[in-house]
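Report on one structure; see the data block that follows.
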Amino acid sequence: MTSILKKLAFGALALGVATTAAVGAKAQEPTIIAVTHGQASDPFWSIVKNGMMQAAKDSNVKVDYRAPETFDMVAMAQLIEAAVNQSPAGIVISNPDPDALGSAIEKAVAAGIPVISMNSGISAAEKLGIKLHVGQDELPAGVKVGAKLKSLGLKHVLCVNQEVGNAALDQRCAGTEKGFEGGTVTVLPTTADPAEIEAKIQAALTSDPSIDVVLGLSAPLVGERAVAVVEKMGAGDKVKVASYDLSAGFLQAVADGKALFAVDQQPYLQGYLPVTFLALNARYGTIPAGNVASGPSFVEKDAAASVIEKSSQGIR
């Protein structure tokens, strides 16, 4: 064989070995399935998904993100059961309704699949056999929010719930009431439709002049709408606005003095950390021994401007 042919043969052999190794490595990538109650098109959940995808890249795993088209616990339970049937290296779930989702989660645990919950469901995690929870404990967070509003001299909170049936959001309003000692908290149920949210907030403020603060449970869905309504009514001197979670628009309102504060639970971390933990568990059998708190922290006027850029990038 001539030297040229020998070189070509050696090169082909090397390429074949490299290609085989690459295919083998790809096949060995752990697959993690995420099932949440939030669609990736939702501004909050798009940040969660961004965190998951970055963790997948950093940890060299595959992540499959799934969610029902609407807030539908029956459909979500079916998605969890379908994930169990695929025997992934791990499952990440949000758990807004433990009663409705508990059976499906227990099937995953019984199948030996490690499960980490995030965002909602911390109180049910241990009982269901979930490894750990990454997120914000909503009841204590609500207590802190209520206490902060009370310290600002406010008397009557309108707590706007855009996702009725989500236990985590119920806990936010309940915690706020607990921390808002001596004051009044009125819960306003609505859907996530912006027009309905604005109409209901305006109707509530018109019918009850004692309301002096609107508390949104989602900055992009409710907080921004509340700011718009208060401005439209010319009630900025009498009615304040605060909200859970972040959005570039609401943070700008905080920076401009049109809103008091935003409550940050760090959705990017809620997506990033569970995937990272499950990747480590799949490869090395290591996993944290307890829950990880991602919030709450308050973003007020002095810090809002610095957070806006990261929020617009889908990170905060």
Just to be sure I understand the model, the point goes 7 Å from the Cα along the line to the Cβ. What's the resulting Glu69 to Arg283 distance in nm?
3.8 nm
To the nearest 0.05, what FRET efficiency results for Asp193 and Gln78 with a Förster distance of 22 Å applied to their C-beta separation?
0.30
Step through the table entries Lys150/Lys301; Lys150/Lys310; Lys155/Lys258, compare each Cα-Cα distance with 25 Å, and write down the pairs that go over it.
Lys150/Lys310
Given H placed 1.01 Å from N in the peptide plane, which residues other than close sequence neighbours of Ala34 have an amide H under 5 Å from its amide H?
Asp64, Tyr65, Arg66, Val92
Modelling each spin label as a point 7 Å along the Cα-to-Cβ direction, I'd like the Ser123/Ala203 distance in nm, to one decimal.
2.9 nm
What ranking, highest mean first, results for peptides 265-275, 84-94 when packing means the other Cβ atoms within 10 Å averaged over each residue?
265-275, 84-94
State whether the range 161-234 is rounded, prolate or oblate according to the following rule on the C-alpha gyration tensor (a ≥ b ≥ c being the square roots of its eigenvalues): a/c under 1.5 gives rounded; otherwise a/b larger than b/c gives prolate, and the remaining case gives oblate.
oblate
Surrounding charge for Ala75, neighbours by C-beta under 14 angstrom, Lys/Arg +1, Asp/Glu -1, total -3
Amide hydrogen neighbours beyond the local backbone of Phe261, cut-off 5 Å, H modeled:
Ser243
Taking the 0 to 90 degree range and rounding to the nearest ten, how far is the long axis of helix 167-179 tilted relative to the main principal axis of the chain, both from C-alpha atoms?
40 degrees
Residues of type lysines that Lys62 reaches as a straight line, Cα spacing below 21 Å, ignoring anything fewer than 8 places off in the same chain
Lys26, Lys49, Lys131
Everything considered on the Cα gyration tensor (a ≥ b ≥ c; rounded for a/c under 1.5, else prolate if a/b is larger than b/c, else oblate), the range 138-264 must be described as rounded
Based only on Cα atoms, what mean projected area does the convex hull of the range 14-172 have, in nm²?
11.7 nm²
Need one number: nm distance between label points at Ser87 and Asp256, each 7 Å from Cα along Cα→Cβ, rounded to one decimal.
5.6 nm
Can you spot the aspartates and glutamates whose alpha carbon is less than 19 Å from Lys144's alpha carbon? Ignore those fewer than 8 places along the same chain.
Asp170, Glu177, Glu181, Asp212, Asp245, Asp264, Glu300
Just to confirm the number: angle between the C-alpha axis of helix 43-59 and the first principal axis of the chain, 0 to 90 degrees, nearest 10?
30 degrees
Extension gain (nm, one decimal) between Thr186 and Lys238, 0.36 nm per residue minus Cα-Cα
17.0 nm
Okay, which of the range 132-176 sit inside 15 Å, backbone N to the point 7 Å along the Cα-Cβ direction of Phe298?
141-155, 176
Rounded to the nearest 0.05, what FRET efficiency do Ser151 and Lys57 have when you use their Cβ-Cβ distance and R0 = 41 Å?
0.45
Which three semi-axes in whole Å describe the equivalent ellipsoid of the chain, each the square root of 5 times a Cα gyration tensor eigenvalue, listed largest first?
44, 22, 16
Rounded to the nearest 5, the percent of antiparallel DSSP beta bridges in the chain equals 10 percent
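Per the helix-only calculation at 222 nm, which mean residue ellipticity applies to the chain, given -39500 (n - 2.57) for every DSSP H run of n ≥ 4 and division by its residues, nearest 500 deg cm²/dmol?
Value at 222 nm, helices only: -16500 deg cm²/dmol.
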If one computes the Cα centroid of the range 57-85 and of the range 210-286, what distance in Å separates the two points?
25 Å
Rounding to the nearest 20 debye, state how big the charge dipole of the range 28-95 is about its Cα centre with +1 on each Lys and Arg Cβ and -1 on each Asp and Glu Cβ.
160 debye
Roughly how tilted is helix 224-233, in degrees to the nearest 10 and between 0 and 90, from the longest Cα axis of the chain?
20 degrees
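Tally Lys/Arg at +1 and Asp/Glu at -1 over every other residue whose Cβ is under 13 Å from the Cβ of Gly112; what's the total? Kindly include the intermediate steps, with their values, before the conclusion.
Values: positive: Lys107, Lys131; negative: Glu106.
That sum, taken over residues with Cβ under 13 Å, equals +1.
Read-outs throughout are calculated quantities, based only on the coordinates presented, and are distinct from any laboratory measurement. Just so you know, these numbers come straight off a predicted model, no measurement behind them. Here Cβ is always computed from backbone atoms with ideal geometry, including for glycine, and neighbour counts include all displayed protein chains.
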